[in-house]
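See below for the structure under consideration.
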Amino acid sequence: MIEQVEIGALQFEDYQDLLAAMKASYKGWQGGYWSSDSIRNLITRFPEGQIVIKMGGVVVGCALSIIVDYKRFGDEHTYRQITGNYTFNTHNPKGDVLYGIEI
């Protein structure tokens with residue numbers, strides 16, 4: 001039976017559930033998880049671009065994004081470059097591309 005699925009804006013209060021979902025999704029992965037500071041920064045810069053998926057009220061996934069001026073980066077960019085070294089200071093509300101940074 002599928003529980004109720006909710007899609008909405010990610011809130012900082014969702015962080016602990018989000019962290020648990022990331023750990024469950026990336027078992028054995030040696031990379032880092034999104035820090036609470038990074039999530040807070042994304043929500044502050046572009047709240048409508050941070051989406052959370054919940055089942056039965058528990059976070060099971062997310063979609064995180066920023067808007068960028070793509071001409072500034074072109075097709076030959078790194079993730080580090082387009083995210084401003086993970087600071088998201090490259091987010092430009094007047095940019096022309098919604099750039100997905102996590103799903």
Open item on the list: Spelling out what I want: for every residue of segment 89-100, take phi, set θ = phi - 60°, compute 6.51 cos²θ - 1.76 cosθ + 1.60 (Karplus), and round to whole Hz; glycine and proline get x.
Closed with: 6, 7, 4, 9, x, 9, x, 10, 9, 7, 9, x
Task: MRE, 222 nm, helices only [DSSP H, n ≥ 4, -39500 (n - 2.57), over the chain, to nearest 500] - done: -6500 deg cm²/dmol
- [ ] Under 16 Å Cα to Cα from Lys71, which lysines show up? Leave out anything in the same chain fewer than 8 places away.
- [x] Lys94
Open item on the list: Test of understanding: given the chain, find the longest segment containing no GluC sites (Glu not before Pro) that are in a DSSP loop and have at most 15 other Cβ atoms within 10 Å.
Closed with: 4-75
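Roughly to the nearest percent, how much of the accessible area of the chain is carbon and sulfur, given a 1.4 Å probe?
Working: 3490 of 6620 Å².
Solvent-exposed carbon and sulfur of the chain make up 53 percent of the total.
Compute the Rg to Rh ratio over the chain from the alpha carbon atoms, using the Kirkwood formula for Rh, and round to two decimal places. Write out the running numbers ahead of the final one.
Working: Rg = 14.5 Å, Rh = 14.5 Å.
My calculation puts Rg/Rh at 1.00.
Compute the Kirkwood hydrodynamic radius of segment 34-86, taking the inverse of the mean of 1/r over all pairs of distinct Cα atoms, and give it in Å to one decimal. Mind dumping the intermediate values first?
On the way: mean 1/r = 0.0788 Å⁻¹.
About 12.7 Å for segment 34-86.
Given axes a ≥ b ≥ c from the Cα gyration tensor, I'd like to know whether segment 1-52 is rounded (a/c under 1.5), prolate (a/b larger than b/c) or oblate. Spell out each step's value before the answer.
Details: a/c = 2.40, a/b = 1.04, b/c = 2.31.
Oblate.
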TODO: Using θ = phi - 60° and the Karplus relation 6.51 cos²θ - 1.76 cosθ + 1.60, list the HN-Hα couplings for segment 41-51 in order, rounded to whole Hz, with x at every Gly or Pro.
DONE: 4, 4, 5, 5, 6, 8, x, 6, x, 10, 10
TODO: Would you mind calculating the relative contact order of segment 45-93 from Cα pairs under 8 angstrom and at least 6 residues apart, reporting the percent as a whole number?
DONE: 32 percent
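Tell me the trypsin sites (Lys or Arg not before Pro) within segment 2-103 that lie in a loop according to DSSP and have at most 11 other beta-carbon atoms within 10 Å. Spell out each step's value before the answer.
On the way: sites: Lys23, Lys27, Arg40, Arg45, Lys54, Lys71, Arg72, Arg80, Lys94; in loops: Lys27, Lys94.
Counting only loop positions with at most 11 other Cβ atoms within 10 Å, the trypsin sites (Lys or Arg not before Pro) in segment 2-103 are Lys27, Lys94.
The values are calculated or read from the model by the stated rules, or taken from the named source; none is laboratory data. Since we're looking at a predicted model, the values are computed, not measured. We place every Cβ from the backbone using ideal geometry, glycine too, and count neighbours over all the protein chains shown. What goes into the accessible areas is simple: the full protein's heavy atoms, side chains included, and nothing from ligands, DNA or RNA. Shrake-Rupley method; radii C 1.70, N 1.55, O 1.52, S 1.80 Å.
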